[in-house]
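Engineer: Structure provided below as structure tokens; questions to follow.
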Amino acid sequence: MTVVIGLTGGIASGKSTVSNMIKKLGITVVDADEISREVVEIGKPAYNQIVDVFGVDILQQDHTLDRGKLGALIFSDHKRREQLNKIVHPEVRKEMLRQVEKERKQGSRAAVLDIPLLFESKLTYMVDKTLLVYVDEPTQLERLMQRNGYTEAEAKLRIQSQLPLKDKRKLADEIIDNNGSLENTQTQLEAVLKKWI
Ligand SMILES: CC(C)(COP(=O)(O)OP(=O)(O)OC[C@H]1O[C@@H](n2cnc3c(N)ncnc32)[C@H](O)[C@@H]1O)[C@@H](O)C(=O)NCCC(=O)NCCS
Ligand SMILES: Nc1ncnc2c1ncn2[C@@H]1O[C@H](COP(=O)(O)OP(=O)(O)OP(=O)(O)O)[C@@H](O)[C@H]1O
């Protein structure tokens, strides 16, 4: 039986950091952010729908999506965000399920789904266990501003578009505290995996 683990967190809480540690342990990670980029490539059904709904203004000169422009639009307007989610999320879900099925067929011991909006989008039915990468809000804000070069206002809009991490704590089966060093995070991760797999 394949144990399917839902890895989640908030923006810049450290999901990719933990997901890279998981990959190094030889476990497959299915990445919702990566898939969400693939399903909006030129000519894909979601791309065409986005252009229909948001107009050609959100395209770059080479006709690919202008992610900066679309981000500025949807993180400051929850109605626009829901419109985008409605187009992109079903496509992401379909592809994630396809990749999990592949792992099951191969008889993998475990597979990890890295889904930022696991709780918000009520996707816990897809997984057996939920693992939250947690940081406190000042650390999240600081790491996000530093990594993406956002202003404090831009970073806060993005953080506020998600369920607060302190609320996600109550929903997760296990929590990794990523406020400390990477070594400390790795130790916590290995302890959780040992328990589940
Ligand atoms: C708005 C877009 C174009 C901005 O692209 P950009 O390259 O700047 O960001 P990226 O895709 O790398 O996302 C970074 C992080 O933002 C957060 N985020 C992205 N979309 C959303 C959303 N709809 N609601 C809340 N948080 C979100 C996630 O924590 C994600 O890890 C892009 O995020 C997007 O297409 N979002 C809709 C799809 C989605 O919900 N993706 C996230 C999980 S599937
Ligand atoms: N324990 C840590 N100590 C210091 N910096 C860290 C730590 N963990 C992660 N970081 C840094 O914080 C930033 C956010 O981490 P990461 O990219 O892994 O988050 P994420 O949750 O995947 O973000 P997103 O959802 O936006 O893709 C990165 O710049 C990363 O290098």
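What follows draws every value from the coordinates through simple rules; no lab data is involved. Values in this document were obtained by computation on a predicted structure and should not be read as measured data. As a convention, Cβ positions derive from the backbone with ideal geometry for all residues, glycine included, and neighbour counts pool all protein chains shown.
Engineer: Looking at the stretch 83-190, which trypsin sites (Lys or Arg not before Pro) are in a loop (DSSP not H, G, I, E or B) and have at most 14 other Cβ atoms within 10 Å? All intermediate terms of the calculation are to be shown ahead of the outcome.
Structural biologist: Details: sites: Lys86, Arg93, Lys94, Arg98, Lys102, Arg104, Lys105, Arg109, Lys122, Lys129, Arg143, Arg147, Lys156, Arg158, Lys166, Lys168, Arg169, Lys170; in loops: Arg109, Lys122.
The qualifying sites are Arg109, Lys122.
Engineer: Next up: Where does the chain land on Rg(C-alpha)/(2.2 N^0.38 Å)?
Structural biologist: Values: Rg = 17.2 Å, N = 197, 2.2 N^0.38 = 16.4 Å.
Cα-based Rg divided by the globular estimate yields 1.05.
Engineer: Would you mind ranking Leu123, Leu97, Leu132 by Cβ crowding within 10 Å, fewest neighbours first? Present the calculation step by step, with values, prior to reporting the outcome.
Structural biologist: Working: Leu123 20, Leu97 13, Leu132 25.
Result, fewest neighbours first: Leu97, Leu123, Leu132.
Engineer: Of all GluC sites (Glu not before Pro) in the stretch 119-156, which ones are in loop regions per DSSP and have a Cβ with at most 16 other Cβ atoms within 10 Å? Could you put the intermediate results ahead of the total?
Structural biologist: Numbers: sites: Glu120, Glu142, Glu152, Glu154; in loops: Glu120.
Loop-located and lightly packed - Glu120.
Engineer: Of all DSSP beta bridges located in the chain, what percent are antiparallel, nearest 5? Don't skip to the answer; put the middle values down first.
Structural biologist: On the way: 1 of 19 bridges.
Roughly 5 percent of the beta bridges in the chain run antiparallel, per DSSP.
Engineer: A further question follows. When only C-alpha pairs under 8 Å and at least 6 residues apart count, what is the relative contact order of the chain, in percent?
Structural biologist: Working: 259 pairs, mean separation 73.1, N = 197.
For the chain, the relative contact order is 37 percent.
Engineer: Also, quick follow-up: Excluding Leu73 itself, calculate the net charge of residues whose Cβ lies under 9 Å from the Cβ of Leu73, where each Lys or Arg counts +1 and each Asp or Glu counts -1.
Structural biologist: On the way: positive: Lys69, Arg80, Arg81; negative: Asp77.
So the environment of Leu73 carries a net charge of +2.
Engineer: Under 10 Å, Cα contacts only: if you run a Gaussian network model on the chain, which one of Pro164, Pro116, Pro138 comes out with the highest mean-square fluctuation?
Structural biologist: Pro138
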